[in-house]
Every structure is written in structure tokens, then in C-alpha cells.
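The values are calculated or read from the model by the stated rules, or taken from the named source; none is laboratory data. This one's a predicted model, so the numbers in the text were calculated from it and none came from an experiment. Virtual Cβ from ideal backbone geometry, glycine too; neighbours counted across all protein chains shown. The accessibility values were calculated without ligands, DNA or RNA, using every heavy atom of the protein model including side chains. Shrake-Rupley method; radii C 1.70, N 1.55, O 1.52, S 1.80 Å.
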Amino acid sequence: MGFMDKLKARFKQNEETKEVSEKYQEGMKKTRDTFSGKLNDLIARYRKVDEDFFEELEEVLITADVGVSTVMDLVEELKMEVKRQKIKDSSEIKDVISEKLVDIYYGDEDSSIQHLQLDEDGLQVILVVGVNGVGKTTSIGKLAHQLKADGKNVILAAGDTFRAGAIDQLEIWGERADVPVIKHSEGSDPAAVIYDGIRAAKSREADVLICDTAGRLQNKVNLMNELAKVKRVIEREIPGAPHEVLLVLDATTGQNALTQARTFSEATDVSGIVLTKLDGTAKGGIVLAIRNELQIPVKYVGLGEGINDLQQFDADAFVFGLFSDLGMSEESEKTE
Amino acid sequence: MAFEGLADRLQGTIKKITGKGKVSEQDVKEMTREVRLALLEADVNFKVVKQLIARIKERAVGQEVMESLTPGQQVIKVVKDELTNLMGGEQSKIAVADRSPTVIMMVGLQGAGKTTTTGKLANHLRKKHNRNPLLVACDVYRPAAIQQLETLGTQLDMPVFSLGTEANPVDIANQAIAQAKENHNDYVIIDTAGRLHVDENLMEELQKIKTDVKPDEIFLVVDSMTGQDAVNVAESFNEQLDITGVVLTKLDGDTRGGAALSIKAVTDKPIKFAGMGEKLDQLEAFHPERMASRILGMGDVLSLIEKAQTNVDEKQAKELEEKMRTMSFTFDDFLEQMGQVREMGPLDDLMAMIPGSNKMKGLKNAQLDESQLTEVEAIIQSMTKKERQEPSIINGSRRKRIAKGSGTSVAAVNRLIKQFSEMKKMMKQMTNMQKGKKGKGGGFKFPFM
Ligand SMILES: Nc1nc2c(ncn2[C@@H]2O[C@H](COP(=O)(O)OP(=O)(O)OP(=O)(O)O)[C@@H](O)[C@H]2O)c(=O)[nH]1
Ligand SMILES: Nc1nc2c(ncn2[C@@H]2O[C@H](COP(=O)(O)OP(=O)(O)OP(=O)(O)O)[C@@H](O)[C@H]2O)c(=O)[nH]1
Ligand SMILES: [Mg+2]
Ligand SMILES: [Mg+2]
């Protein structure tokens, strides 16, 4: 079975597992309808796999924010592969392209890397970090809802004591997901809130504690130190915690997301990414570069502002999405 | 890897050219290739880069570069000129309506910084223009959006108009205008919910508000970290609402900010303000030329210099520069500088503006924490005159004495001495950076500016 067929099969399968896939499909519906079509377009226009073909491929990937150096590496590899397999006709290349991209993503690992690594026993702590306005608090609300639906006992800690209205915001999400929120007043020490959160979670025998933190730009040394301190408090209180450190990235972010991933990892040892706002027109291609360079996998994608708009990441569908506008550049060039 | 500035990128080609009498087409091609990569890495949109490169090539292949003695710098100049031209002049004026109140509407994607910027603009209008704004909470969707704006209103001691989350944003806007008239608020700033440009219902809601309240300004608020998608967002908001200006937020980060170019290219609307932090006084006029330098990876040195200049007088600056160059900077100077630096704003903000500062290991560890400044002052004040001039004599027993005298610890003293030597190193780096332009003018200048 070719790659595209596998991909289609997977989507069919998803359709049967209803709800989950419905959301995904809604979020990515354009994608699904157009991917093979667009790739076919490109291929039809370029019978031959030549420089022009690769140039356009390069454009498509850069436009998806994959990042220049990753794109260059990828195209280089593709060119080699084309030579190696003696591919001349463009119709033979589409499987190679998609496979290569998904390959970058998984490397030697299987798809289990996209799951949260939480134990059944003992309190599990998830620390959520990221720059300002990416969707940390919202994603926490969504995640709490999902975990709760899975039968987990969840508690949230309002570690953003800085931004106006941040505590209120998390409290509303707590109500929506029907989980308790541990909070202090605005302006208090975030580490102290998290400490209290841990104590409350322990005494109430909760399964999962999710810690919200204030948004911070990664070049602010003091704020990054503060975050590292929050993590140390968690480590001290529960050996082996935090079990997950989720970095939230906004899909509309360009190359800076790579710097974000690097710096937040240095400060808090990020274990996974939540890629939000994929319901817009941005593609979030930078996560490929992040995976490539820092090996951090994406665990969830945000597909809207509602409580159900959080889905497990699916690399195939994601790669699919990168190409959803393929062929558009041709149309626009014609009208130019 | 990645994110070298244009100057770094061009090093290789420049080396090749230096000494050659002529620059070949091939050289120019190589250089424009590097320019292209630099712009793409800075998140300038692909199509915008294409257009720019075409123009740059035209100019670069022409006489200008060929006959210039320093073709590398010439290319950078051409590129920077083109970028600056594209971004237009400085325009941070806010409209004033013939009949009060003047209405400003804030629009943009989720999390871009609309609510925060609403507060910042209000603060700016009061401080700089002596105005009396009313803030309007039209975001009825995001949890606690109204509380957020109300908190900002309290912080600023300014009125906030809201009708809760059940009301219709169009009604809220209309009623707010009526109230502003009654209470003699001369400005009304409407905070709206974040929305996707492709969300037809919510975009229609904005159009309705626009039709009703006829805003004098519609500011599109855009996150400066935005990647290639910036063109779609800006184009779409502009088409549907005919925005009057742009506010670029989170420029206190270390993003290159190529989105600025993309937005200007597709909307041709002025970028009026830059968000420089989360606090309500961290809004600045947008400087196109500095943005051009930043996109090209030359740091926001000009901003830093301006900040320094508003706080340090010319003569002092010259002296400082001299000291930096001769490495005769002492703890006494450090103490004096600290006083001035403290007036310039948060330290990490300043550090972030120095090109490459985030890559300097020493700086990262230096942790020039605001709260540590007092401690630092105490330590220096406990040093003898000789020690301040000649830190190398501060041995173990002297360190103990200083620690005792300042009520700190030996570790703190050690740390400061280390920081001080790192700072000296950094100054050396900074002065090295200006070697390229030696002899010209003097002052606090950096290459290519
Ligand atoms: N369209 C869309 N909007 C989202 C998504 N996730 C979050 N948002 C919106 O993005 C905005 C910011 O979300 P928050 O959860 O407040 O972000 P945050 O990272 O907690 O922000 P700070 O705490 O201020 O740093 C809100 O308007 C959310 O509704 C998503 O997946 N899609
Ligand atoms: N560092 C920095 N943070 C900023 C700046 N402007 C806004 N923020 C932060 O970005 C986050 C989002 O800002 P908001 O003002 O809530 O954004 P918004 O556009 O109103 O968000 P929604 O209403 O959810 O669409 C908050 O954490 C702000 O503190 C800025 O210029 N610099
Ligand atoms: Mg938050
Ligand atoms: Mg808002």
C-alpha cells in the first residue's frame, strides 16, 4: 500500500472512531479534500522532477513556516533520493515526499511519542509553559476536560499570578471542566501557588495536577529563572515530577518558535508540545524543525476555542496539512 | 546554527570580493541568495522576499555596488534602504475626531495583545495627550476577558464600560459611545475578542460594530513573532475592515520580526506602535529604520542608544565610550552607570536589545537582576577607592572584608567581580563591533547604521 493510500485509510478509520476524528476533520477539512489534489496538480504541471519542481516544493514548505534550513536539508535529501531511485517522472515522487516528511517527524520512534507519559499510580504533575498569549490557559482547560472524561481526578493550579484576569480565566475553565482550581491572589509568588497545588492534590488524592504559568518571552532571564524555580519546587515535592512539561506554541509563530523551544527546554526540560490555533490558516511547520533539531514531539494540537477543540497530534494529518495550499501559488502567479 | 544576521551571512562572499577590482554577476547572485535566506529566516513572507530581491538585484548589479570600495557593506546598505523604504516613515499619530469622542477599535487574532494594548493606548493618550479615555469591553467570548480589561482599568484608574457576557458586542459598543458623550470622555477604545480572519460570523460582527460606531481608527494588533501567515491575516483584516494602522506587539522578545515587512507590503497601512512589554507603559512609537536593522539581524542597537541618550548626557556618553575602548572602566564608573541604567528601564529589556546578547554565555549567567542592584551598590560602596579602580587586587581577605562591610556574602562579592569582568568583556565586544567605521564621527555608532 502506498503512503497516500495508508493516509486515506487512516482517515477512514478515524471516521469510524467518531467524535475525535470529527473535530480533527472539521479543523482540517480543507486539507483532506485538497491534499492529494494539490500534490497531483503540482505533479501534473511538472511532468519532470527538475529544478523548478523542487523550487516550488521549497516555496510550499517555507510558506508553511517549516524553516529555511530544514527545507533546504529536506530538498537536498529528496534530490538524492530521486537520483538513487532514478525517479524521472513526477508522479513517482509524491510518496517519497510525504514519507520523508513523516520520517523527519518520527525518526526511529513510533507514534507512541505523541501520547502523554502519565503513570496510573501516584500523583502526576503536568507543567505548562510558553510565551505570552499562545494558549496555555485554554489548553489546560481543554486537557483537564479530556483527562476528567477519562476518569481522572484533576486539579489545576493558577500559577499565573501576573497577568490581569489570568486567575479568573483559569477558574472559569475549572468550572467548565468541573475540576477544582488552587489559587492565590494576583501578584503572589507563583512557586508558592504551585506548592499549595501539590499539597492540595496530595491530600485530595488527585490523579493529575496541571500547573498554569504566566506567559513569558524566552529572552527574559529573570522570568525564565522564575520558571526553573517553579519546576524545582515540583521536583522537590514529588520525586520524578513533573511527569510532563508541555510547551505551548502558537501555530502562527514563525522561526522564533525554534528559539522558544530551545530556551524553554533549557529552563524546564520540555517533554512535549501543544500546537495551538491550527484552525486558522497558519500551518505550524516549525514543529518539524523543532522535532528535527531538539527531538521534542508534538503531543496535542489546538483546533479552536471550545473545550473539545484539543486533539492528539497526528503526524500524517499534519504533513497532509502542510500541502493544503499547494497549487495556489500557481493560480496567484497567473493573476499577477 | 540558524539566524545569523545578514552581515554574518555575507562575510564569505565579501571576503571573496575584497581585493577584486570588480564584482561579477555571479558575486551579486551569491549575495542576493544570502539576502534571500536572511529575510526568510527573519519570517518575511516568501512573496514579499521575491519582490524585494528583484529590486535589490537591480540596484546591486548597477554601478553603485560595482564601483564601491566596500561592496559587502554597500549591498547591506542597499538592502536596508529597500527595507526601510518599504516600511515607510514614522507615523505614530492617532486620529482626532472633529466631534468628540474619537473612537478607536482594536482588532486581531487571538492572543495578539489587543486587550493589553487597549490599556497601553489609553495610558499613552492620557500621559502624552492629556486625554480622558473610556475603555470598552466588547469581548464577550473569552473567559474573563472583561475582568482582564476591568483590572487594567483599575490599574490605570480609568473607566471601563461593560454589559457582561450576555450582551451583544454591537450593542455594547453603541451604548459605550453614548456613555462617553455623557461623561465627556474624549476617546473611546473598543477592545474586541480575538478572532480568525477566516471566521465569517465574527468578522461580520466587527463590520457591524464598524458601521455603527464609525471608528476614527481601526488598529490591527499583530504579534511580532508571526511567521509566513502574517500576510493572510493582515490582508484579510484589511480587506474586510479597511484598517487604519497596525500595532506590533511583543517586540521586547528576540524575534527578528519580518512580519512587519510582510504586513506593510500587503496592506500599505502604517505600523504605528510597538508593544515592548507586558506593562502598561511599555508602548513605543514604531521606528521603521530600526525595524529594518532588526530584521537583518543587526540588533535594535539604535533603540538602546536612544534610551541611553535620554538618560546620559552627551559628554558622559563620550567619556564612557572612551573608557570602554581603553578598558579603563572601573567599579566607580560601574556605580555611576548603574544609577543611570536604573532610570532606563528593566535590565533584561536593555540586554535583549543588544545584538547577540542572548548568545553571550557570560551575560546569561550574569543575571543582572533588578533586585540585586541594591546589593551590588552596597558591595561597591564597601570597596576602598583603590579596589574600585583596580579590581585585580581584591584577594580573599579583601573579599571577606567587603562582604562583611556590605552585609552580603563572599559568594555575592565573587559573583559581582565576575559579572564585572564579564561586562568588561562585553564592552570590548561592543567596541570591536564598531571598528568597521572607525574614525568617522565618533559617538556611539555601530556598523551599517
Ligand atoms: N482559534 C484558536 N484560538 C485559541 C486556541 N487556543 C487558544 N486560543 C485563544 O487564544 C487566546 C489566548 O489564549 P490563552 O489560553 O489565554 O493563552 P495563554 O498562553 O494562557 O496566555 P497568557 O497567559 O496571557 O500568556 C484566547 O483568546 C484563546 O481563546 C486554538 O487552538 N484556536
Ligand atoms: N512581552 C510582551 N507581552 C505582551 C505584549 N503585549 C501583550 N502581551 C502579553 O500577551 C498576552 C496576550 O495579551 P492580551 O492583551 O490578552 O491579548 P488579546 O489579543 O487581547 O487576546 P484575546 O483577547 O484572547 O484575543 C498577555 O500575556 C499579555 O501580557 C508585549 O508587547 N510584550
Ligand atoms: Mg494564561
Ligand atoms: Mg483580549
For this session: Could you grab me the full set of residues in region A:136-159 that are within 11 Å of another protein chain (Cβ to nearest Cβ) and either more than 11 Å from ligand 3 (Cβ to nearest atom) or in contact with a helix residue (DSSP H, G or I) (Cβ under 9 Å, 6 or more places away or on another chain) (or both)?
Result: A:T137, A:T138, A:G141
Seminar exercise, completed: Output for Cβ contacts, cut-off 7 Å, separation at least six or different chains, first residue within 14 Å of another protein chain (Cβ to nearest Cβ) in region B:22-42, second outside any helix (DSSP H, G or I) and modelled with pLDDT under 80, reads B:A38/B:G297; B:E41/B:A2; B:E41/B:F3
Problem set entry | Filter result for A:L310 (in contact with a strand residue (DSSP E or B) (Cβ under 6 Å, 6 or more places away or on another chain) and within 11 Å of another protein chain (Cβ to nearest Cβ)) | no
For this session: Name, by its number, the condition in (1) closer than 29 Å to B:V198 by Cα; (2) within 14 Å of chain B (Cβ to nearest Cβ); (3) more than 16 Å from ligand 4 (Cβ to nearest atom) that does not hold for A:L246.
Result: (2)
For this session: Might you let me know whether region A:226-242 holds any residue that is within 12 Å of chain B (Cβ to nearest Cβ) and over 18 Å from A:G159 (Cα atoms)?
Result: no
For this session: Filter region B:146-157 down to the residues that are open to solvent by less than 20 Å² (accessible area, probe 1.4 Å) and out of contact with any strand residue (DSSP E or B) (no Cβ under 6 Å at 6 or more places or on another chain), then identify the one that is farthest from ligand 2 (Cβ to nearest atom).
Result: B:L156
For this session: Taking the residues in region B:264-276 that are within 20 Å of A:V134 (Cα to Cα) and open to solvent by less than 10 Å² (accessible area, probe 1.4 Å) as candidates, determine which candidate is farthest from ligand 4 (Cβ to nearest atom).
Result: B:A274
For this session: Please determine, by comparing only the residues of region B:158-201 that are part of a helix (DSSP H, G or I) and crowded, with 17+ Cβ neighbours inside 10 Å, which one is nearest to the other protein chains (Cβ to nearest Cβ).
Result: B:P169
For this session: Could you please find all residues in region A:233-243 being in a loop (DSSP other than H, G, I, E, B) and either within 16 Å of ligand 1 (Cβ to nearest atom) or closer than 23 Å to A:L143 by Cβ (or both)?
Result: A:I238, A:G240, A:A241, A:P242, A:H243
For this session: Considering (1) within 16 Å of ligand 4 (Cβ to nearest atom); (2) touching a Lys or Arg at 6+ places or on another chain (Cβ under 6 Å), say which one A:G215 fails and leave the rest.
Result: (2)
Exercise. Looking at region B:208-216, is at least one residue within 13 Å of ligand 2 (Cβ to nearest atom) and either modelled with pLDDT of 95 or more or more than 26 Å from the chain's Cα centre (by Cα) (or both)?
Worked result: no
Problem set entry | Selection status of A:L116, within 14 Å of another protein chain (Cβ to nearest Cβ) and either surrounded by fewer than 20 Cβ atoms within 10 Å (Cβ to Cβ) or on the phi > 0 side of the Ramachandran plot (or both) | no
Exercise. When residues of region B:121-145 are filtered for being open to solvent by 10 Å² or more (accessible area, probe 1.4 Å), part of a helix (DSSP H, G or I) and within 14 Å of chain A (Cβ to nearest Cβ), how many remain?
Worked result: 1
Exercise. Picking from A:A257, A:A214, A:A261, which residue would you name as being within 14 Å of chain B (Cβ to nearest Cβ) and within 14 Å of ligand 3 (Cβ to nearest atom)?
Worked result: A:A214
